[in-house]
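The block underneath contains the structure these notes are about, expressed in C-alpha cells.
The values are calculated or read from the model by the stated rules, or taken from the named source; none is laboratory data. Small disclaimer: the values here were computed from a predicted structure and weren't measured. Cβ sites come from the backbone with ideal geometry, for glycine too, and all protein chains shown count toward neighbours. Side chains are part of the model used for accessible areas, which takes the heavy atoms of the whole protein and leaves out ligands, DNA and RNA. Shrake-Rupley method; radii C 1.70, N 1.55, O 1.52, S 1.80 Å.
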Amino acid sequence: QVQLVESGGGLVQPGGSLRLSCAASGSISSPYVMYWYRQAPGKQREHVATRTTGAGVVYADSVKGRFFISRDNAKNTVYLQMNSLKPEDTAVYYCRLVFGGNEYWGQGTQVTVSS
C-alpha cells in the first residue's frame, strides 16, 4: 500500500508565500505522476498542478505564474511553492499520486490567506 503525507499548510497574509510538501511511502517506483488539487468552501474540487517523472508540468490558469510544482524523485516527494497568495486561494489542498493503475490521495492540508 501507498500512503501520502502532506505538510506545510497554514495561515498567511495576502501576498505571502507557502510551500506544501507531499511525501509518498510504500511500494512505489518511477514512472508516476503527482498532482495538486484544492477545494474551497462551497466549491468543487479543482486541479491546481501536475508534475510527471520527466519534465511534464501543467498549471491551472488561476495559479499560473504564481504557483510552481516540483518533484524530488529520490524522495518520492512533490512540492507546491505558492507565491503572491490571494484570499481566493484559501482551500484545503490535496496531493494525488497515480501509479501502477491506481490513485492515492493525501489527507489534505488547510491553506488560509487572510489579513
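Some points to look at:
- The mean accessible area for residues of the chain, using a 1.4 Å probe and ignoring ligands and nucleic acids, is 51 Å² per residue.
- The alpha-carbon of Lys43 sits under 19 angstrom from the alpha-carbons of these lysines, leaving out residues fewer than 8 places away in its chain: Lys86.
- Rounded to the nearest 20, the Cβ-based charge dipole of the chain about its Cα centre (Lys and Arg +1, Asp and Glu -1) stands at 100 debye.
- The relative contact order of the chain, computed from alpha carbon pairs under 8 Å that lie at least 6 residues apart in sequence, is 36 percent.
- Rounded FRET efficiency, nearest 0.05, which uses the C-beta distance separating Ala74 from Glu46 and R0 of 41 Å: 0.85
- Surface share of carbon and sulfur [accessible, 1.4 angstrom probe, percent] for region 22-67: 53 percent
- Computed over neighbours whose Cβ is under 14 Å from that of Val98, the net charge equals +2, Lys and Arg +1, Asp and Glu -1.
- Partner lysines for Lys75 [C-alpha distance under 25 Å; skip if fewer than 8 residues away on the same chain]: none
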